[in-house]
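Step one of this worksheet: look at the structure below.
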Amino acid sequence: MIGSLLVANRGEIARRVLRTARALGVRTVAVYSSVDAGLPFVAEADKAVPLDGPPQAVYRDGAQILSIAAEAGATAIHPGYGFLSENADFARQVTAAGLVWVGPPAEAIEAMGDKVAARARMAAAGVPVAPGSTDAVAGAQACAAEAARVGYPVMIKASAGGGGMGMAVVAAPESLAAEFEKVTGFAGRLFGDDRVFVERYFPRVRHVEVQVLGLATGRVVALGERDCSVQRRNQKVVEETPSPAVDDALRERMSQAAVRAAETVGYRNAGTVEFLLDPASGEFFFLEMNTRLQVEHPITEAVYGVDLVAEQLRVAAGLPPSIDVDNLRRDGHAIELRINAEDPKRFLPRPGAIETWIEPAGDGVRVDAGYAAGTTVTPAYDSLLAKLIVHGSDRAQALARAREAVGGFQISGPEKGGVKTNLPFLAEVLDSAEFVSGDYDTGIVGRLR
C-alpha cells in the first residue's frame, strides 16, 4: 500500500480521501489556500502545508504542489475531482517525479478530454454515440451547416468542456450564430480551447452514468449505474442508484458499453462513463467519460458496500481489489443530495459565514461535508458545501430517509453576510410528484421552477 499520500484538493473531497487513507494507515499531507486555513480537512491531515498565491489559482499550481510533495515526503498524489484531476500534463509530471498518480494513465485522460476525438473513438469501438458532427466545426457557417444536417434542436458543445459547462441548446437557425459565439468565447476563456462540435439535442432525456473501475491487471469492471437527471444549469443536484428508468437488460447493455469505452483507452483506476438515455425508446448514447472520481460516488459505495477511494489506492499501488469483482451484489437504493451555498429560488451563489451547522444522523444516513460551524464559504470556489447520502432497502425507504435527513440538516449564518443554502429546494424535489414517481428527466428542475 502507498506509504504517504498528498491530497491535491480541498473541502469535502479532501476530507473524504483523507478519511480512507487514515483508515488504511497511510500518512497524509494536505495543501490549502489562504482562505481555506480554517476548514476541517486542514486539521485532519497528518501534515498540512499552505499554498502560496491567489486562492482561485493555487489548487491548479502543479509545480508548487509537486514541490510540497517532495518536501513533505509524500509518495503519491490523489487529485480528487476538479482542479488538476483531469490534467494529463500534471499526471505525467507526477509520475516523472517518481510519485504514484492515483488516477488513470495520462493517455486515457487525454483521449477522453477531447470530446470530439472521444466521440470518434467511441463510435469506432461500437459504443453508441448521438448524431452529431464528426469533427470540430470551424466557424458559425460550418456550425450552421452541421446543425441543418443533424436536425434541430441541437447542442453546441465545447470540445474541452465538462461538468455541464461550455454548451448551449439551439432550437432554430436564427439563434445559432449568437450561441456559437457565446460558446466558443466561453470555451476559449475557461478551457483555453475554443473548438466546438454539434450534437443532436434530446428534449426529454435522462442522464445516466456507469461507474467503472480499471484494475491493475488491465481488466475493467462496472459497478452499476447512477441517475443524474436532476440538474440545474446542466449541473447535477440529486443523484440516485439504481436508476428508476433502467431494468436489468438495459443495465447490462449500458455496463457492457461503459466497459468497452474504458477498455478502448486502456483505463485504470476509478472513472465514470456518462450516457444520455431516451426513456421512450431505451436508446442510449455516449456523452463523455469523467477520468476521475465522481462527486456522486458515495451512492455507489452505499449499494455495493465498497470504498471506491480504497480501491483507487489499491489500483494505483498495483494491488488486487479488496472486493470480489466477479460477484458484485447491489443492496437497496441510495440517493445523494448536493447541498450548495446558493439561493434556493434562483440558484445564484450565496457564500458567507456559517454560525450553525447541525448534520442529520440515523440509519442509512451519511454526510460528506467540507465545512462546519465557525467556517466561512468564500466566492473563490464551487458552491458545494456537503453531500447528503441516504441508503434504504428500497427506493421508498430511501426517499423517506432523505426527506427526514434534509429536514434535520441545519445550516445558517448571521442575518447579514451569512450563508444561504439550497436545502429548501432539495426538500421541494423530494416532495414533487414527478421525482417520487421515478418518471422524470433532465427538465424536472425547470418544471419545478
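The values are calculated or read from the model by the stated rules, or taken from the named source; none is laboratory data. Keep in mind it's a predicted model, so treat the numbers as computed, not measured. Neighbour counts are summed over all protein chains in view; Cβ atoms, including those assigned to glycine, are modelled from backbone coordinates with ideal geometry. Accessible surface is based on the protein model in full, side chains and every heavy atom, while ligands, DNA and RNA are left aside. Shrake-Rupley method; radii C 1.70, N 1.55, O 1.52, S 1.80 Å.
Of the residues SER229, SER243, SER159, the single one that is crowded, with 23+ Cβ neighbours inside 10 Å, among the small types (Gly, Ala, Ser) and touching a residue at least 40 places away in the same chain (Cβ under 8 Å) is SER229.
Of all residues in region 255-292, those being assigned to a loop (DSSP other than H, G, I, E, B) and under 19 Å from ARG206 (Cβ atoms) number 6. Going by the structure shown, is GLY126 of a type outside the set (A, V, I, L, M, F, W, C) and touching a strand residue (DSSP E or B) at 6+ places or on another chain (Cβ under 9 Å)? It is false that GLY126 is of a type outside the set (A, V, I, L, M, F, W, C) and touching a strand residue (DSSP E or B) at 6+ places or on another chain (Cβ under 9 Å). Residues in region 6-13 include none that are within 25 Å of the chain's Cα centre (by Cα), open to solvent by 50 Å² or more (accessible area, probe 1.4 Å) and acidic (Asp, Glu).
For every residue, the table says whether it meets (1) exposed (fewer than 15 other Cβ atoms within 10 Å of the Cβ); (2) of a type in the set (A, V, I, L, M, F, W, C); (3) not in a loop (DSSP other than H, G, I, E, B).
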residue	(1), (2), (3)
ARG338	no, no, yes
PRO360	no, no, no
ALA380	no, yes, no
LYS387	no, no, yes
VAL390	no, yes, yes
ALA402	no, yes, yes
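When VAL295, VAL315 are screened for being modelled with pLDDT of 95 or more, over 17 Å from the mean Cα position of the chain (by Cα), of a type in the set (Val, Ile, Thr) and surrounded by 20 or more Cβ atoms within 10 Å (Cβ to Cβ), only VAL315 passes. Scanning region 71-85 for residues that are open to solvent by 50 Å² or more (accessible area, probe 1.4 Å), farther than 27 Å from LEU287 by Cα and over 24 Å from the mean Cα position of the chain (by Cα) turns up at least one hit.
Identify, from the list VAL237, VAL208, the residue that is farther than 29 Å from ALA136 by Cβ and at pLDDT 95 or above. Explain how you work it out, then say what you get.
Details: VAL208 fails: farther than 29 Å from ALA136 by Cβ.
After ruling out the rest, the residue left standing is VAL237.
With (1) open to solvent by 30 Å² or more (accessible area, probe 1.4 Å); (2) under 25 Å from HIS297 (Cα atoms) as the list, and LEU39 as the residue in question, which single condition is left unmet? The failed condition is (1).
The criterion of at least 2 residues that are within 25 Å of ALA302 (Cα to Cα) is met, among strands (runs of 3 or more DSSP E) falling completely within region 178-254, by 206-214, 220-232, 235-241.
With respect to the conditions (1) within 22 Å of the chain's Cα centre (by Cα); (2) assigned to a loop (DSSP other than H, G, I, E, B), VAL31 falls short on a single one, namely (2). So in region 368-377, with the set limited to residues that are buried (at least 18 other Cβ atoms within 10 Å of the Cβ) and hydrophobic (A, V, I, L, M, F, W, C), which one is nearest to ILE13 (Cα to Cα)? Here the residue is ALA369. If the condition is being assigned to a loop (DSSP other than H, G, I, E, B) and open to solvent by 30 Å² or more (accessible area, probe 1.4 Å), then region 101-124 contributes PRO105, ASP114. Looking at region 130-156, which of the residues that are among the β-branched types (Val, Ile, Thr) and surrounded by fewer than 22 Cβ atoms within 10 Å (Cβ to Cβ) is nearest to ASP194 (Cα to Cα)? By that ranking, first place goes to THR134.
Provide a single number: the residues in region 14-23 that are among the small types (Gly, Ala, Ser) and either part of a loop (DSSP other than H, G, I, E, B) or crowded, with 24+ Cβ neighbours inside 10 Å (or both). Outline the logic, then answer.
Taking region 14-23 as the starting set, the residues that turn out to be among the small types (Gly, Ala, Ser) are 14, 21, 23.
Next, only the ones that are either part of a loop (DSSP other than H, G, I, E, B) or crowded, with 24+ Cβ neighbours inside 10 Å (or both) stay: 14, 21.
Of the residues in that region, 2 qualify.
The set of residues in region 362-378 that are in a strand (DSSP E or B), under 29 Å from HIS333 (Cβ atoms) and of a type outside the set (A, V, I, L, M) comprises ARG366, ASP368. Confirm whether LEU430 is in contact with a Leu (Cβ under 6 Å, 6 or more places away or on another chain), open to solvent by less than 50 Å² (accessible area, probe 1.4 Å) and either assigned to a loop (DSSP other than H, G, I, E, B) or within 23 Å of ASP227 (Cα to Cα) (or both). No: the conditions fail for LEU430. Pairs are defined by a Cβ separation below 7 Å, a sequence spacing of at least 6 or placement on different chains, a first member in region 1-25 that is more than 21 Å from ARG338 (Cα to Cα), and a second member that is assigned to a strand (DSSP E or B) and of a type in the set (D, E, K, R); the pairs so defined are GLY3/ARG27; SER4/ARG27.
Scanning region 409-427 for residues that are free of Cβ contacts under 8 Å to residues at least 60 places away in the same chain and either closer than 18 Å to ASN340 by Cβ or among the aromatic types (Phe, Trp, Tyr) (or both) returns GLN410, SER412, ALA427.
For region 42-70, which positions are in a strand (DSSP E or B) and either in contact with a Ser or Thr (Cβ under 7 Å, 6 or more places away or on another chain) or open to solvent by 60 Å² or more (accessible area, probe 1.4 Å) (or both)?
Listed by number, the residues that qualify are LYS47, PRO50.
Of all residues in region 298-312, those that are in a loop (DSSP other than H, G, I, E, B) and open to solvent by less than 30 Å² (accessible area, probe 1.4 Å) total 1.
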